[in-house]
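*Asks:* Pasting a structure below so you can have a look.
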Amino acid sequence: MSKEVSTDNSFGIAGVILGILSVLSLNIVGIVLGFIGLTFSRKQNKIAKNKWSKYGMVLNVIGIVVGVVLLVVLINFLKDGASQLVQPVGY
């Protein structure tokens, strides 16, 4: 009874591709792609721990963090801009 070792890296490769897209998109779509890619990378990690799962997790976490930070900056920028539009000129 030997345990079968899986050489299928499809979830890991999908996780890496989604991680790259997550880092490159830098918006709400990047955050969503990051969570989907993180799911694929974790599934690959359960099937067979390899470099694809590790790199996918790293890229997706970076994409999620950068996307959230940029979203917070954008919200603060829009909030400040809207507050300046409401103030009358000369005050």
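The values are calculated or read from the model by the stated rules, or taken from the named source; none is laboratory data. Just so it is clear, the model here is predicted, and its values are computed rather than measured. Please note: Cβ atoms are built from the backbone with ideal geometry, for glycine as well, and neighbour counts cover all protein chains shown.
*Asks:* Select from the stretch 28-85 the residues that are within 12 Å of the chain's Cα centre (by Cα) and among the small types (Gly, Ala, Ser) and list them in ascending order.
*Replies:* Hits for the stretch 28-85 are Gly30, Gly34, Gly37, Ser41, Gly56, Gly63, Gly67.
*Asks:* State all residues of the stretch 41-61 that are in contact with a helix residue (DSSP H, G or I) (Cβ under 6 Å, 6 or more places away or on another chain) and hydrophobic (A, V, I, L, M, F, W, C); if no residue qualifies, say none.
*Replies:* Residues satisfying the conditions are Trp52, Met57, Leu59.
*Asks:* Let me ask something else. From the list Asn60, Asn76, Asn45, Asn50, which one is polar (S, T, N, Q), surrounded by 13 or more Cβ atoms within 10 Å (Cβ to Cβ) and farther than 16 Å from Asp8 by Cα?
*Replies:* Asn60
*Asks:* Continuing with this model, one more query. Give me a count of the residues in the stretch 16-41 that are among the hydroxyl-bearing types (Ser, Thr, Tyr) and surrounded by fewer than 17 Cβ atoms within 10 Å (Cβ to Cβ).
*Replies:* Of the residues in the stretch 16-41, 1 are among the hydroxyl-bearing types (Ser, Thr, Tyr) and surrounded by fewer than 17 Cβ atoms within 10 Å (Cβ to Cβ).
*Asks:* Cβ-Cβ under 7 Å, sequence separation 6+ or interchain: first residue in the stretch 12-27 and over 21 Å from Val72 (Cβ atoms), partner not in a helix (DSSP H, G or I). Which pairs?
*Replies:* Qualifying pairs under 7 Å: Gly12/Asn50.
Table: residues versus (1) closer than 18 Å to Ser22 by Cα; (2) in a loop (DSSP other than H, G, I, E, B); (3) among the polar types (S, T, N, Q); (4) at pLDDT 90 or above.
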position	(1), (2), (3), (4)
Leu59	yes, no, no, yes
Ile62	yes, no, no, yes
Leu71	yes, no, no, yes
Asn76	no, no, yes, yes
Lys79	no, no, no, no
Ser83	no, no, yes, no
Pro88	no, yes, no, no
